[in-house]
1. Compute the Rg/Rh shape ratio of the stretch 64-173: radius of gyration over Kirkwood radius, all on alpha-carbon atoms.
2. Heavy atoms only, probe 1.4 Å: what % of the accessible area of the stretch 57-179 goes to carbon and sulfur, would you let me know?
3. Roughly to the nearest percent, how much of the accessible area of the stretch 209-328 is carbon and sulfur, given a 1.4 Å probe?
4. Can you compute the modelled spin-label distance between Arg113 and Glu206, with each label point 7 Å from Cα toward Cβ, in nm?
5. Which residues in the stretch 212-244 have a backbone N closer than 17 Å to a point placed 7 Å from the Cα of Arg182 along the Cα-to-Cβ line?
6. Which entries in Lys267/Lys317; Lys225/Lys245; Lys170/Lys245; Lys54/Lys183; Lys51/Lys94 show an alpha-carbon gap greater than 21 Å?
7. Compute the FRET efficiency between Tyr169 and Glu79 as 1/(1 + (r/R0)^6), taking r as their Cβ-Cβ distance and R0 = 51 Å, and round to the nearest 0.05.
8. List every residue whose amide H lies under 5 Å from the amide H of Val315, counting only residues 5 or more places away in sequence or on a different chain, with H placed 1.01 Å from N in the peptide plane.
Amino acid sequence: TYMFVTVTLNKKAVKKIIIALSAGLFAILIAIYCRGHESISTAANTSSDKKFIKWLEFNASYEALYDSMQCDIQTNTDEYPVSQVDILAYLASKYGNDFSRYSKKDVDAFMLRIKNGESIEDICTSKYFDYYRQAYGAVIGNFLNDRKDGGYGLNVYSPIAYGFDWNHYKDFGASRSYGFKRKHLGNDILGSIGTPIIAVEDGTVEALGWNRYGGWRIGIRSFDKKRYYYYAHLRKGHPYVKTLKEGDTVNAGQVIGYLGMTGYSTKENVNNINIPHLHFGMQIIFDESQKDGNGEIWIDVYNIVELLKQNSSKVIKNTQTGEYEVTN
């Protein structure tokens, strides 16, 4: 059974309904326009943002790092010097950044072409070469330079002082669960409590103090702002050289602190790490917006640490201050 209801409207009522519907439709159209306009504005703003590298994986093997470094050093005084960064960028382009394919023959062939007069532009024709040149340049572009002894070579230092026993293993990306589940974004260097920790590169102390995850830690920013070095789990009670403070300038090879096992505690000066070690990390920053938050870029430094073994600071303990000081 159906029931029909008939409604009779006069002309005046119909006119009011039409006006109301028209006003509603107009409001909807305005809202759509505004939303679309906002989208266009957002897109325009995004397109005008600075362009910078958002992510990278530093995959250069130790062998590639060492061989390219030697080529750079050997050609430094030649008519056509070749930079370590250009060699690695060429190899990364050739291998698709997969350095498990690395062969010394590829470096030798590259250097022969340079010796025969070909330019970098002639050899490195991959569309990815400029990307890798910028990416790898941000990581190691300052590693080779004029040294204090007057020569040219590796001008950055091992984070562990000369003569102190240590070892490390490939643990970048391993799982960590304290606080929350996350990936390990550094390289754990195992050693004895009190081992002197060294500034890898010249820079400015940006962070100094307690962090519930890293314990006593130091953060040092390179002068070109591209690299942020993170040293964590420093010694309980005497984590840093006593005079060190935020804002200080440090020199490559300088003693900055001491290996320990602090961290994993909201309470300061607590040893909650099972094994004494230095957590050593390197963050790469192409734009200041990447310094903190979801845009951070941390790289695997295992092979870099291996390379830095070749340049370690010799230190001696000052019995009056209790601090280690550089002798070389």
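The values are calculated or read from the model by the stated rules, or taken from the named source; none is laboratory data. None of the values given here were measured: they were computed from a predicted structure. With ideal geometry, Cβ positions are generated from the backbone for all residues, glycine too; neighbour counts draw on all protein chains shown. All accessible areas refer to the heavy atoms of the entire protein, side chains included, with ligands and DNA or RNA removed. Shrake-Rupley method; radii C 1.70, N 1.55, O 1.52, S 1.80 Å.
1. Details: Rg = 15.4 Å, Rh = 15.4 Å.
Radius of gyration relative to Kirkwood radius: 1.00.
2. On the way: 2900 of 6510 Å².
C and S atoms contribute 45 percent here.
3. Details: 2370 of 5340 Å².
The computed percentage sits at 44.
4. 3.7
5. 212-220, 228-234
6. Details: Lys267/Lys317 30 Å; Lys225/Lys245 19 Å; Lys170/Lys245 31 Å; Lys54/Lys183 19 Å; Lys51/Lys94 24 Å.
Long pairs (Cα-Cα over 21 Å): Lys267/Lys317; Lys170/Lys245; Lys51/Lys94.
7. Values: r = 43 Å, r/R0 = 0.84.
Step by step, r from the Cβ atoms, then E = 0.75.
8. Placed amide hydrogens put Tyr162, Thr327 under 5 Å from Val315.
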